[in-house]
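K.L.:
Here's a structure for you.
Values quoted throughout were computed directly from the atomic coordinates according to the rules given, and no laboratory measurement underlies them. These numbers were taken from a predicted model, which means no experiment stands behind them. Cβ: placed from backbone, ideal geometry, glycine included. Neighbour counts: every protein chain shown.
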Amino acid sequence: MGDNSRPVVHVICGPTAAGKTRAALELARVADVAVVSADSRQLYRGFDVGTAKPSPAEQRAVAHYGIDVLDPAERASAAWWAERADGWIRAVIARGQTPLVVGGTGLYLRALFGHLFEEPAMDAAQRVALQEELGELPVEELRRWVARLDPDRAHLGRTQLLRAIEIALLTGRRVSDLHRERRTPPRWRARYLLVDAGPALGRHIAERARTMFDAGWADEVRELSRQVSSDAPAWNASGYRTVRAMVDGELTPDLALERVVIETRQYAKRQRTWFRHQLAGEDVTSIDSAGPAFSAQLAAWWRGAARHGRGGSAA
RNA sequence: GGUGGGGUGGCCGAGUGGCUAAUGGCAGCAGACUGUAAAUCUGCCGGGUUAACGCCCUACGAAGGUUCGAAUCCUUCCCCCACCA
């Protein structure tokens, strides 16, 4: 807390379809900023329409980092991303611009601005073997394992359970202990602008989904399904599997659109829960992106940034 | 007009006399979350009241009836679907 030695980085976050990109572009008109995308899906090349990537024109107008940097079959991770984002931020600052981190992937933001832990070395081959073995087991079974290996983590989801087992078996340590003992220091101080459209968000999501369908999402998916293995991580973007089912004729367009809207709304809800609780105690300014005062509030937030020393006059 | 099937909680859909405010799924609400995170999980979910146990009310198309007891059985009516006319 209160460590003023770390430089401040401005970040715009919030649920999907709330207007983060709009806010960033608006700021770019009055300040020399470059955007660092904190979005785990815009990382992937070729997944454009359904991830609402900034358009080529927008990317030309404002420098963007963190977009189209991975092959669909590659797997990202919060730690991997934070490492890169750190580099992008430094690069932006070195060029004399102000970095603006923009995105809704809460875990990535935490990895960059909060604490992570230094992962102990693990044998790659053993790891793969273990993952294959555990991959078959039902959650309840995994939960029983973790209840013994690392009880503090036994209430979590499948992904976390697998991680806990893997660390415990391969390093002989509990992740929950490692989190405490090997925690890494934060790299930057974040100053958050949380944008949310409030009650209007549901409508925005529905409109955005329709726009994506009209913009050729189905064609994109048809093409991708020819080139990208169906179990590639990139497909884990809400809506993509549904649109793929539609392209494969398993779902009518109407039903697919309906599903996509529902899935997106559910995702936005999870994001809200995350930001509401995980950002508690941080420097957060909330604004209503659907309200009439949006631009004024955005500008006021940015003006407040001056007091913090505008963007990484690095320490 | 005839014959057969069916009408269940916001939706889908089990349930054929008590263990049923009613399995399950969906949607919704709340929550968790440190190397897969647009992922992965957990809880709640007719109304009222209660910290909770509980209690009260309403509910299985409608109205009657049988029964100690009915979403489940009987009668009539309404509506839907299929087939035959």
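K.L.:
Residues with beta-carbon under 13 Å from that of residue A:299, excluding residue A:299: net charge, scoring Lys, Arg +1 and Asp, Glu -1?
P.N.:
Result for the local shell: +1.
K.L.:
Give the residue list of trypsin sites (Lys or Arg not before Pro) in segment A:15-76 that are DSSP loop and have at most 11 other beta-carbon atoms within 10 angstrom.
P.N.:
Numbers: sites: A:20, A:22, A:29, A:41, A:45, A:60, A:75; in loops: A:41, A:45, A:75.
Those satisfying the criteria are A:75.
K.L.:
Something else: At most 14 other Cβ atoms within 10 Å plus a DSSP loop assignment makes a site exposed; report the longest stretch of chain A without any exposed GluC sites (Glu not before Pro).
P.N.:
So the longest stretch without any such site is A:137-249.
K.L.:
What trypsin sites (Lys or Arg not before Pro) in segment A:87-148 are in a loop by DSSP, with at most 16 other Cβ atoms within 10 Å of the Cβ?
P.N.:
Taking segment A:87-148 and a limit of 16 other Cβ atoms within 10 Å, the loop trypsin sites (Lys or Arg not before Pro) found are A:95.
K.L.:
Right, here's the next one. What residue among A:190, A:124, A:63 has the largest mean-square fluctuation in a Gaussian network model of chain A, using Cα springs under 10 Å?
P.N.:
A:124
K.L.:
If you don't mind, another one. Can you classify segment A:242-286 as rounded, prolate or oblate using the Cα gyration tensor, where a ≥ b ≥ c are the square roots of its eigenvalues, rounded means a/c under 1.5, and otherwise it's prolate if a/b beats b/c and oblate if not?
P.N.:
Prolate, since a/c reaches 1.5 and a/b exceeds b/c.
K.L.:
For segment A:27-100, what percent of Cα pairs sit more than 20 Å apart?
P.N.:
31
K.L.:
Further question on the same structure: If chain A were replaced by its equivalent ellipsoid, with semi-axes equal to the square roots of 5 times the Cα gyration tensor eigenvalues, what would those be, largest first, whole Å?
P.N.:
In descending order the semi-axes read 31, 28, 18 Å.
K.L.:
How large are Rg and Dmax for segment A:173-236 when only the alpha carbon atoms are used, in Å?
P.N.:
20.4, 51
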